[in-house]
Amino acid sequence: MDNKKYKLALILGRFQVFHNGHVEIVNKALEVAEKVLILVGSSQESGTEKNPFSYETRKEMISKCFENNIDRIIIMGIPDAGLGNNQSWGDYVLAYVKKNIGRLPDVAISGEEARRTSWYANYDIDEIFIPKTTDVSATKMRAWMVENNQNEWLKYVHPALKETFAQLRTEVINSLGKTDTKSI
């Protein structure tokens with residue numbers, strides 16, 4: 001671990017199905033940093049169409065995928081603050097990290113998205129954007145669950161999650177039609 005470029009990498013997402021795109025981001029973070037902080041966004045939300053899974057379920061999905069590196073990963077929930085995709089959100093995230101971890105990250109790693117702005121431009125934090133190599137999203141993953149299309153779903157999840165389809169599908173089905181959310 002001494003040869004890692006960064007001490008602490010930050011990854012932030014809702015992970016409302018932790019899919020292979022997310023796995024790629026975490027793998028990159030593990031490659032470049034000694035420790036990886038994964039913030040599970042909208043941690044206060046569950047049981048809605050946009051956020052069917054609880055923070056605990058999402059944390060368990062991530063943990064299962066990285067059992068061999070779990071000693072290098074910190075998983076924490078972060079509630080949505082209703083600030084939107086802007087600098088204020090970055091300020092909120094970094095204040096939360098500083099309060100709970102005691103330091104700021106050296107690098108933030110995320111998927112490359114056209115609508116994503118730099119949340120950390122005012123800070124001395126490197127940013128690494130991982131290009132999308134697979135056309136998948138958590139929204140598509142949840143749609144396959146509603147359709148009971150396990151074969152398609154399995155193509156885009158880590159093997160450690162293959163046995164979770166039925167349980168996760170039940171949570172997605174139970175959330176249908178529930179749109180009351182504070183998550184942006």
Round to the nearest 10 and give me the degree value, 0 to 90, for the angle of helix 20-32's Cα axis relative to the longest principal axis of the chain.
-> 20 degrees
If you count the DSSP beta bridges with both ends in the chain, what percent of them are antiparallel, to the nearest 5?
-> 0 percent
For the stretch 1-157, what is the convex hull volume of the alpha-carbon atoms per residue, in Å³?
-> 117 Å³
When averaged across all projection directions, what area in nm² does the alpha-carbon convex hull of the stretch 65-184 cover?
-> 9.3 nm²
Taking Rh as the Kirkwood radius computed over C-alpha pairs, what is the Stokes-Einstein D of the stretch 125-184 at 37 °C in a medium of viscosity 0.692 mPa s, expressed in µm² per second?
-> 245 µm²/s
By the Cα gyration tensor axes a ≥ b ≥ c (a/c under 1.5 gives rounded; else a/b larger than b/c gives prolate, otherwise oblate), the shape of the stretch 36-89 is oblate
With the other protein chains left in place, how much accessible area per residue, in square angstrom, belongs to the chain at a 1.4 angstrom probe?
-> 51 Å²
Share of carbon and sulfur in the accessible heavy-atom surface of the stretch 1-79 [1.4 Å probe, %] = 44 percent
note: the stretch 1-86, Cα-Cα separations exceeding 16 Å make up a percent value of 51 percent
Go ahead and estimate [θ] at 222 nm for the chain from helices alone: -39,500 (n - 2.57) per DSSP H run with n ≥ 4, summed, over the residue count, rounded to 500.
-> -10500 deg cm²/dmol
Amide H within-cut-off set for Ala108, under 5 Å, with H built and near neighbours excluded = Leu10, Asp126, Glu127, Ile128
3J(HN,Hα) from dihedral phi, the stretch 146-161, Karplus parametrisation 6.51/-1.76/1.60, rounded to Hz, x for glycine, proline | 4, 6, 6, 9, 5, 4, 5, 4, 5, 5, 10, 10, 4, x, 5, 9
So what's the stretch 97-160 giving for Rg/Rh, alpha carbon basis, Kirkwood Rh from the mean inverse pair distance?
-> 1.12
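The values are calculated or read from the model by the stated rules, or taken from the named source; none is laboratory data. Every value quoted in this text rests on a predicted model; they were computed, and no experiment measured them. Heavy atoms of the whole protein, side chains included, go into the accessibility calculation; ligands, DNA and RNA do not. Shrake-Rupley method; radii C 1.70, N 1.55, O 1.52, S 1.80 Å.
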